[in-house]
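Q: I am attaching a structure below and will ask some questions about it afterwards.
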Amino acid sequence: MDILTILIIGVSGIIIGGLITGTILRKAMDRKRDMILKEAMEKAEMIKRDKILQAKEKFLQLKSEYEKYVHEKSDEVQKSDNRLKQKENGLNLKMDELQKKQKEALLIKQNLQNQMELVSKKQQDLEKSQKVQIEKLEAISNLSAAEAKTQLIETLKEEAKSEALVQMKDIIDEARITANTEAKKIVIETIQRTATEHAIENTVSVFNIENEEIKGRIIGREGRNIRTLEALTGIEIIIDDSPDAIILSGFDPVRREIARLSLHKLVTDGRIHPARIEEVVAKTKKQLEQEIIETGKRISIDLGIHNLHHELIRMIGKMKYRSSYGQNLLQHSIEVAKLSATMAAELGLNPKKAKRAGLLHDIGKVPDTEPELPHAILGMKTAEKFKEKPEICNAIGAHHDEIEMDNLISPIVQVCDSISGARPGARREVVDAYIERLKHLEDLALTYPGVVKTYAIQAGRELRVIVGADKITDAEANQVAFDLSRKIQSEMTYPGQIKITVIRETRAISYAK
């Protein structure tokens, strides 16, 4: 066989094999397709049955909910019907009552009409009788009714005037008593709401040193250092046998403070000679001046007082180093400011203005120069110079009655200034009398038999007396309190009132062993 024949046979075999393979594959594909379609149909049928079941369940659920909703609404409608029936019954009852009351009202109206007719008839009879009586009286008194009426009116006028005068006097007296009571109440409440500490200022300061050698260095050769320091500060420096202490004496607290701070710097630095002393004193003066300004700013901010002139702020700071009868001037001014604000608020006035006037009322005591003017007038002129309001200036100038008061802030500042200065312990001149009064108060109670201890508290406004339980009964304790109050009233002079509290305590003690 030749090659061509072989090729034809091979190609024919390939074609025949391809046809057979294609036929086989097509039949396989058809079978597979039929299987896939069959499975798809089965799945679709299952899904259909599931969806139908779900739809039926949903339908049953919705039907159940709807039936429940309809049932609830039916219950609500039934309840509403019941309530309406009850209200209808209630309205029917009220209508019956109203009709009954209307019938009663008609009966009452008829009775009133009958009574009015009787009253009208009796009034006519009374007028006739009154006319007859008036004619008889006119015949007896020889006066007409008009003349008698005029005389009666005049008599009643005089009586009314007399009674009005009496009542007016009673009202005025009562108002005066009430005013005094209210004024005392306001002052007491103001004092109680404003409590400050008091410290008596001295005219000497003590500078402590570590050893006695420093005294010689402060004195210097032939006393040059101490003379320079005294000349620059204006303070007398006393160096005596007092151990580890140097006394700075002077009436100007600012100068004493400058001397104390300068000494502290010199001793700490160790260089003590006239040139160094001049340098340190100059620096200390500048430092203290800055501290004075800072103090004035801090006080004005703490009190809520704004827009003060910087010179007034400096003068407020200088008050820290001034005293009046031993009372620190700055503490006194702060207290007067707080008292004035509280009292102004109690009286319905402007507390800010009162506080400002109270703080500035004594600025005339800290001038840079010493003019021959009362401090109140000097303070007023200073306040006017720095554009303070007229009522503030008047309160400053009038707090010692140098000028006439022209507003309600001025008497408040004057009263609060007196309150601050008169507080027990505030000023040196009243401390001894205050202590003596408290001691006398306690000694009076100790004179009674059975009294164990006595304590005067609350600045002498309360006396607590402790008595022995085995010496005095409860009834006798009440008698002691009463007798003691009468004795204090008769033998002592004191402001306000004193509360006497007698304490009788019984203690039962036993020991478990």
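The values are calculated or read from the model by the stated rules, or taken from the named source; none is laboratory data. Please read these numbers as outputs of a predicted model, since none were measured by experiment. Neighbour counts are summed over all protein chains in view; Cβ atoms, including those assigned to glycine, are modelled from backbone coordinates with ideal geometry. Please note that ligands, DNA and RNA were not included when accessible areas were found on the heavy atoms of the full protein model with its side chains. Shrake-Rupley method; radii C 1.70, N 1.55, O 1.52, S 1.80 Å.
Q: So if we plug the beta-carbon distance of L84 and E117 into 1/(1 + (r/R0)^6) with R0 = 45 Å, what FRET efficiency do we get, rounded to 0.05?
A: 0.40
Q: What ranking do 469-476, 230-237, 16-23, 307-314 get when scored by the average of other Cβ atoms within 10 Å per residue, highest first?
A: The peptides rank, most packed first, as 230-237, 307-314, 469-476, 16-23.
Q: I need the fraction of alpha carbon pairs in region 314-361 separated by more than 16 Å, rounded to a whole percent.
A: Counting every Cα pair in region 314-361, those more than 16 Å apart make up 39 percent.
Q: Explain nothing, just the number: dipole magnitude of region 292-339 about its Cα centre with +1 on each Lys and Arg Cβ and -1 on each Asp and Glu Cβ, in debye rounded to the nearest 20.
A: 100 debye
Q: Where does region 437-513 land on the Kirkwood hydrodynamic radius, alpha-carbon pairs, in angstrom?
A: Result for region 437-513, one decimal place: 13.2 Å.
Q: Step through the table entries K338/K365; K58/K79; K265/K286, compare each Cα-Cα distance with 25 Å, and write down the pairs that go over it. Let's see the in-between values first.
A: On the way: K338/K365 20 Å; K58/K79 31 Å; K265/K286 14 Å.
Correct reply: K58/K79.
Q: At a probe size of 1.4 Å, how large is the accessible area of I209, to the nearest 10 Å²?
A: It works out to around 20 Å².
Q: Taking a threshold of 23 Å on the Cα-Cα distance, which of the pairs K318/K387; K320/K389; K353/K381; K136/K157 fall above it?
A: Pairs exceeding 23 Å: K320/K389; K136/K157.
Q: For the pair R31 and I3, what calculated FRET efficiency results from E = 1/(1 + (r/R0)^6), where r is the Cβ-Cβ distance and R0 = 41 Å, to the nearest 0.05? It would help to have the intermediate numbers written out before the result.
A: Working: r = 42 Å, r/R0 = 1.02.
My answer for the efficiency is 0.45.
Q: Could you order L37, L229 so the one with the most accessible surface comes first? Probe is 1.4 Å.
A: The ordering from most to least exposed comes out as L37, L229.
Q: Considering only protein heavy atoms and a 1.4 Å probe, what is the carbon-and-sulfur percentage of the accessible area of region 24-141?
A: Answer for region 24-141 is 59 percent, counting heavy atoms of protein chains only.
Q: In whole angstrom, note down how far apart the Cα centers of region 44-78 and region 341-397 are.
A: Centre-to-centre (Cα) distance: 91 Å.
Q: Here is a further query. Show F59, F386 ordered by accessible area, largest first, where the area counts protein heavy atoms only and the probe is 1.4 Å.
A: Sorted descending by solvent-accessible area, the residues read F59, F386.
Q: Given the protein chains as shown and a 1.4 Å probe, how many square angstrom of T150 are accessible, to the nearest 10?
A: Here the accessible area works out near 80 Å².
Q: Can you give the accessible area of Y66, probe radius 1.4 Å, in Å² rounded to 10?
A: Accessible area, nearest 10 Å²: 150 Å².
Q: Continuing with the same structure: Pull up the cross-link candidates among the lysines for K32, meaning alpha carbon to alpha carbon under 21 Å and not fewer than 8 places away within one chain.
A: K43
Q: Would you mind computing, in nm to one decimal, how far apart the modelled labels at R227 and Q110 are, each placed 7 Å from Cα along Cα→Cβ?
A: 13.0 nm
Q: Further, regarding this structure: Quick check: residue separation of H400 and Q497 times 0.36 nm, minus the Cα distance between them. What number comes out in nm? If you can, show how the numbers build up before the last one.
A: Details: separation 97, 0.36 × 97 = 34.92 nm, distance 2.79 nm.
Full-extension gain reported as 32.1 nm.
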